[in-house]
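Right, one structure below, let's go through it.
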Amino acid sequence: MTGLATAAVRAGQRQPTADQHSEALVLTSSYLFDDAHDAAEKFAGRRAGNVYVRFTNPTVRGFEERLAALEGGDDAVATGSGMAAYTAVSMALLEAGDHVLLAEGVFGTTTRLYQHYLSKFGVTTTILPVDDNDRWAAAIGPATRMVVVESPTNPVMRVADLRFLAGLSHAHGALFLVDNTLCTPVLQQPLALGADLVLHSAGKYLDGQGRCGGGAVVGAAPLVEAVRGVLRTAGPSLSPFNAWLLTKSLETLPLRMRAHGEVAGAVSDWLTTQDDVEAVHFPGRDDHPQAALIARQQSGPGGLLSFTVPGGRAGAWSFIDHLKLISNTTNIGDTKTMATHPASTTHGRLTDEQRRSAGIRPDLVRLSIGIEDPADLIEDLAQALGAARRDVGGSERAGAGFGDRADDLAGGRADDVADNVAGDVAGDVAGDVAGDVADDVADDLVDVRAGGRADDRADDRADDRDGERAGDRAGDRAVDRTGAAR
Ligand SMILES: Cc1ncc(COP(=O)(O)O)c(C=O)c1O
C-alpha cells in the first residue's frame, strides 16, 4: 500500500469479529487464553497475542499500525499523551550521563521535562536555536545520546534542518527524534529525511477534533520495542477508546491538513495587511526567513500561525477577550479555530530569558486555524483587533515588547515554586501559572508519601514472577547502544 490517503483509511485494519466494516472498539482489560500453556507463552513474549490492556489491545494496535504506515516507519507505539511519549522514549533510550540537544521553542512542558525532571536522573540538556546549524554542530559531543527537535516550533514557526541534524546526529552516534505533531506525516516525513524516531501529541491534528489526548512514537522496530517495554513496566499507555477515535480520525487527516493550510493562508494574508501588526509567523509565507528549507522538507504550511497585537500584553489579552467566534483555548489542531496567549499559558513555565530567546513576546497571539470559512474568521479577527486597539489607545504601545511587568511577575513566581517545592503562592495574582506548578509538585509529594516507591517494588516482584524482566532485558539488548542508532 503506497498512497498516503489509502493508508490513512486502510492500514492497521483488524480481522472483523462481527463482519463489521468500520474498525471495532475492543474494550477489555484482560483476554482469554486457550490454556495455561498459552497464557505462559504469551506472558513470556514467546507467542504473539493479547495479554493485558496496559500493553496489548487490538484497537490500540490498529492505530499504531496505521500511524506507522503513514509515517513510513517499521512500527509505532501509542502512549497516553505526547508527554507520556517523551517520558517513555527517555526512560527507554537514555541513562545517567547521557546528554541531549534540545531545540529552543519546543512545547514548554517538553523543555521542563528535560530540564527539571530528567536532570534528576543524570541526563543533561543543552538548548539550541532550532535554525542555527553551526550551534548544533558545535554543541554535539561524545556524550550526546539524543537530538530532539520540533519542526516547526510553535508559536514562532521556526524550522529545523532535518537532513542536516540527522547527518550530524548519526556522525556522533546519537539518535535523532523529531516531534512531528504540527506537520503530521501528511506534510512532513521525518523518517524519510533521516530521523530515527518520530513523536506525536496525538490529541492535536491526528485526532483533529479536540476530543482526546494521546501520543505515539514511530521508528525502527528495536527502538519502538524498547519504548513498548517502558509501557509494560511503567504504564503510560493509550486507552482503547482514544485509540479508536484516533484510528478513525486518521482517515480524514490528508483532507484536513490541506484544508487547515488553505484557511491559514487566507488568514495570514489578511493579517499582513494590518499596518500595526508587526510580525506574522506562518510557514506558508514567501517571506518566511526559511522559505527555501520549508519548501524542501514540508509539502504544506499546516494550520498554525502567530502574530503580534498592538499594545503589548494588554493588547494581546484584550484581543483574545473580544473574540466572538474563535475559541480562547490552548489546544492546537482542532477543526475549530483557537487563539492562545503563549507567554502566559503554554510557555508560561519558561523563564523570561527562555521566552525572550525563543521569540515568545508578551504581545504574541497564536492561532490554530480550523477549517471554518476564512471570511468568518477574518471578520472576527478584525473586530477583536479593533477592540484591542481601542482598549490600549490605538498604536500607542503600552507595555509592548519584552519585559512586561506582569509577565515577569508570573514567570518569576512559577520558577520560585518549582525551585523551592513550595505551593504557597498558588492562588496569588500569578496564580494560574504558579498554581499549575504547585499542583504538579503537590501531586509528586502525595505520590511519594502514599508509598509509590513501595508499590513499585511490589510490582517489580510480581513482574519478576511473570518473567517480564527477562523480556525487558532481551528488549534492552535489541537496542544496545551500538545497534540502536539506526
Ligand atoms: C508539539 C507538541 N509536542 C508535544 C506536546 C505534549 O503533548 P500532550 O499534551 O499530548 O502531552 C504538545 C502539547 O501541546 C505539543 O504541542
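For the stretch 94-236, what percent of Cα pairs sit more than 23 Å apart? Mind showing how you got there, number by number?
Working: 3239 of 10153 pairs.
Everything past 23 Å amounts to 32 percent.
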- What is the spin-label model distance, in nm, from Thr28 to Lys324 if the labels are put 7 Å beyond Cα along the C-beta direction? 5.3 nm
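Starting from 0.36 nm per residue, how many nanometres of slack lie between Ala295 and Lys336 once their C-alpha separation is accounted for? Kindly include the intermediate steps, with their values, before the conclusion.
Details: separation 41, 0.36 × 41 = 14.76 nm, distance 2.65 nm.
Additional length available on full extension: 12.1 nm.
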- Item | Separation of alpha-carbon centers, the stretch 317-383 and the stretch 244-296, rounded to whole Å | 14 Å
- Query: What FRET efficiency, computed as 1/(1 + (r/R0)^6) with R0 = 60 Å and r the Cβ-Cβ distance, is obtained for Thr273 and His21, rounded to the nearest 0.05?
  - Reply: 0.80
- Taking the highest mean first, how do the peptides 12-25, 379-392 order by number of other beta carbon atoms within 10 angstrom per residue? 379-392, 12-25
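Using the count of nearby Cβ atoms within 10 Å as a rough guide to exposure, how do Tyr205, Tyr117 rank from fewest to most? Kindly include the intermediate steps, with their values, before the conclusion.
On the way: Tyr205 28, Tyr117 14.
Least crowded to most crowded, the residues run Tyr117, Tyr205.
Taking 23 Å as the cut-off for C-alpha to C-alpha distance, list the pairs among Lys248/Lys324; Lys248/Lys336; Lys204/Lys336 that go past it.
Numbers: Lys248/Lys324 30 Å; Lys248/Lys336 18 Å; Lys204/Lys336 12 Å.
Where the Cα-Cα span goes over 23 Å, the pairs concerned are Lys248/Lys324.
What full-extension length gain, to one decimal in nm, is calculated for Thr126 and Glu41 as 0.36 nm per residue of separation minus the Cα-Cα distance? Please list the in-between numbers first.
Working: separation 85, 0.36 × 85 = 30.60 nm, distance 4.40 nm.
This chain segment gains 26.2 nm when fully extended.
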- Ascending count of other beta-carbon atoms within 10 Å, so fewest first, for Ser90, Ser368: Ser90, Ser368
- Message: What distance in nm lies between label points placed 7 Å from Cα along the C-beta direction at Glu353 and Leu255?
- Response: 5.0 nm
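May I ask you to derive the relative contact order of the stretch 253-403, considering only C-alpha pairs under 8 Å and at least 6 residues apart, and to give it as an integer percent? Spell out each step's value before the answer.
On the way: 273 pairs, mean separation 45.4, N = 151.
Value for the stretch 253-403: 30 percent.
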- Counting other C-beta atoms within 10 Å, which of Glu353, Glu225, Glu64 has the fewest, and how do the rest follow? Glu353, Glu225, Glu64
- the stretch 106-136 residues near the modelled Phe164 label - backbone nitrogen below 18 Å, point 7 Å along Cα→Cβ: 106, 127-136
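Read-outs: derived from the displayed coordinates by stated rules, not from any lab. Values in this document were obtained by computation on a predicted structure and should not be read as measured data. Virtual Cβ from ideal backbone geometry, glycine too; neighbours counted across all protein chains shown.
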